[in-house]
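First comes the structure, then the notes that go with it.
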Amino acid sequence: MTTGKRLASIAAAGSLAAALAACSGGGGTDGASGPGQAPANGNAGGTDAPPKAVTLNFWTISLSPNFDDYIHERIAKYQDEHPGITVKWTDLPYGSMENKLLTSIAGGNSPDVVNLNTGMTLTLAAKNALVDLNKEATEEQRAIYFPDLYNSTKLGDSAYAFPWYFGLSVFMYNKQIYEEAGLDPNKPPVTLDELKQQAVQIKQKTGKYGFTLVSNPPADLYFAGVPIISEDKKTIILNTPEALVWAKWNKALYDEGVIPKDSVGADANYATDKYQAGQIATLTTGANFLNRVKQNAKDVFDNTLVAKMPAKKEGGNYQASLMDVVVPTMSGHHKEAIDFANYITNDESQLAFCKIVNILPSTKKAAADPFFTQGGDDPESKAKVIAASMVGQAKDFTLGIKDESKVLDPLWKGWTKMMLGQQSPEDMLKLAEQEMQKQLDAVNADN
């Protein structure tokens, strides 16, 4: 991966966590949410003697202080329903979670339930540091989630997390700029080619750009129909006709001046900044970022319309910026920890969370709630409804292997070279596939 970049699933989920934290400016909490009383899991041997009380240490990413009330209410309800269980909650900034967790595990003082993103989860799973939920969780516990989201942390026949909340990008566009360009604001692009055509007209008529390119080569290619890796995880499959079409489409945007030159390699902050400054006509990002536009550029927000994202292929999936909940193997209370992890991510808990912040649930029943089909005429309400309609197509891209970032690194580097004219699309795909295969062979040799 290029210097300063991280695996797409890590960066996207990190942006989501940061967006939640930005609702209140960050913070943290470290304390028990009430004392335990009696046992949660029955009496041993059928006697009346009370079993030993259990304390579960629960770590989350960037949820305090804005969501203190929600987390404490959920914990209190769980403790009321499970006498003998005490849940101690600690919230950590996104940037420090991975190091603190690895340090705690190395020191033999691991938490019991932890909120991670998919990239962190797979890193720890490859180190045998997480409980395999396909083995230790019940079918009833696993069945509540959308399969594609539950399987985001699958390695081989094992899965290491319960999926929690996530975000999906929606298509936001500036009505005023569309009208200035002679475009009908009631007809947003449905396909990527329409997006490009509209961008060309916007540039010709207004001098402004239609959009900026927030590129995520591995996920973009995957959702465009490129396998990336074989089912047995032994072969890289990158240099395909579908990949060449997508690479050439992106390269043409740069060569033809459809996108700003400095947007190559840019992150979501670049695009949001340009959009709220009125310098570009459209923005593709999570609905939770609309609040930032509303706060910083009310005039742009008032002119913002929202539509469904053009898919990279008909009926294809959309990238989910997923947060997960895991149980470290070093927890001394696997059964109780799995139960609480399942509870904090169940239908009731997720629906309650979604009602206080613009995120989406990973459980099927919660996503079907009328809350996600009802809303006002404001952009945030419309974005919620549109994003919720895409939940069944959501998937958090991953290769499902350890050391994933090393395997994907040649693609990230090659893509930047291609966009800057240092490699042709054909050479980029050929060389990236060869280098990725070398990295994959090395990973598999270590297994």
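The values are calculated or read from the model by the stated rules, or taken from the named source; none is laboratory data. Everything numeric here is computed off the predicted structure, so don't read it as measured data. Cβ sites come from the backbone with ideal geometry, for glycine too, and all protein chains shown count toward neighbours. Calculation scope for accessible area: heavy atoms of the full protein, side chains included, ligands and nucleic acids excluded. Shrake-Rupley method; radii C 1.70, N 1.55, O 1.52, S 1.80 Å.
Have a look at LYS402, LYS406 and point out the one that is within 22 Å of the chain's Cα centre (by Cα) and not in a helix (DSSP H, G or I). Steps first, answer last, please.
Working: LYS406 fails: not in a helix (DSSP H, G or I).
Testing whether each residue is within 22 Å of the chain's Cα centre (by Cα) and not in a helix (DSSP H, G or I) leaves just LYS402.
Scanning for something part of a loop (DSSP other than H, G, I, E, B) and in contact (Cβ under 8 Å) with a residue 12 or more places away in the chain, does region 423-442 turn up at least one residue? If you could, list the steps in order and put the result at the bottom.
To start, the set of residues in region 423-442 that are part of a loop (DSSP other than H, G, I, E, B) comprises 423-424.
Narrowing the set further to residues that are in contact (Cβ under 8 Å) with a residue 12 or more places away in the chain leaves none.
No: region 423-442 contains no residue that is part of a loop (DSSP other than H, G, I, E, B) and in contact (Cβ under 8 Å) with a residue 12 or more places away in the chain.
All but one of (1) of a type outside the set (Lys, Arg); (2) at pLDDT 90 or above; (3) within 17 Å of LEU63 (Cβ to Cβ); (4) open to solvent by 10 Å² or more (accessible area, probe 1.4 Å) hold for GLY95, so report the exception by its number.
(2)
Check off (1) open to solvent by 50 Å² or more (accessible area, probe 1.4 Å); (2) more than 30 Å from ASN303 (Cα to Cα); (3) not aliphatic (A, V, I, L, M) for GLY392 and give me the number that stays unchecked.
So the condition that GLY392 fails would be (2).
Restricting attention to region 350-367, does a residue exist that is among the polar types (S, T, N, Q), under 26 Å from PRO217 (Cα atoms) and crowded, with 23+ Cβ neighbours inside 10 Å?
Of the residues in region 350-367, the ones among the polar types (S, T, N, Q) are 350, 358, 362-363.
Then keep just the ones that are under 26 Å from PRO217 (Cα atoms); that gives 362.
If we keep only those that are crowded, with 23+ Cβ neighbours inside 10 Å too, we end up with 362.
Within region 350-367 (the criterion being among the polar types (S, T, N, Q), under 26 Å from PRO217 (Cα atoms) and crowded, with 23+ Cβ neighbours inside 10 Å), the answer is yes, since at least one residue qualifies.
Need the failing condition index for THR123 against (1) open to solvent by 10 Å² or more (accessible area, probe 1.4 Å); (2) among the hydroxyl-bearing types (Ser, Thr, Tyr); (3) part of a loop (DSSP other than H, G, I, E, B), just the number.
Condition (3) is where THR123 drops out.
Within the set of pairs 6+ apart or on separate chains, which have a first residue in region 407-420 that is more than 21 Å from ASN444 (Cβ to Cβ), a second that is among the small types (Gly, Ala, Ser) and open to solvent by less than 10 Å² (accessible area, probe 1.4 Å), and C-beta atoms under 6 Å apart?
Here the result reads GLY414/ALA432, each pair linking region 407-420 to a residue that is among the small types (Gly, Ala, Ser) and open to solvent by less than 10 Å² (accessible area, probe 1.4 Å).
Can you name the helices (runs of 4 or more DSSP H) wholly within region 135-192 that have at least 1 residues being open to solvent by 40 Å² or more (accessible area, probe 1.4 Å), farther than 23 Å from LYS312 by Cα and in contact with a helix residue (DSSP H, G or I) (Cβ under 9 Å, 6 or more places away or on another chain)?
Working: elements: 139-142, 147-150, 175-180.
Qualifying helices (runs of 4 or more DSSP H): 139-142, 175-180.
Is it the case that some residue within region 413-430 is crowded, with 19+ Cβ neighbours inside 10 Å and within 21 Å of ALA320 (Cα to Cα)? Before you say what the answer is, go through the steps one by one.
Taking region 413-430 first, the residues crowded, with 19+ Cβ neighbours inside 10 Å are 413-415, 418-419, 423, 425, 428-429.
Restricting the remaining residues to those that are within 21 Å of ALA320 (Cα to Cα) gives none.
There is no residue in region 413-430 that is crowded, with 19+ Cβ neighbours inside 10 Å and within 21 Å of ALA320 (Cα to Cα).
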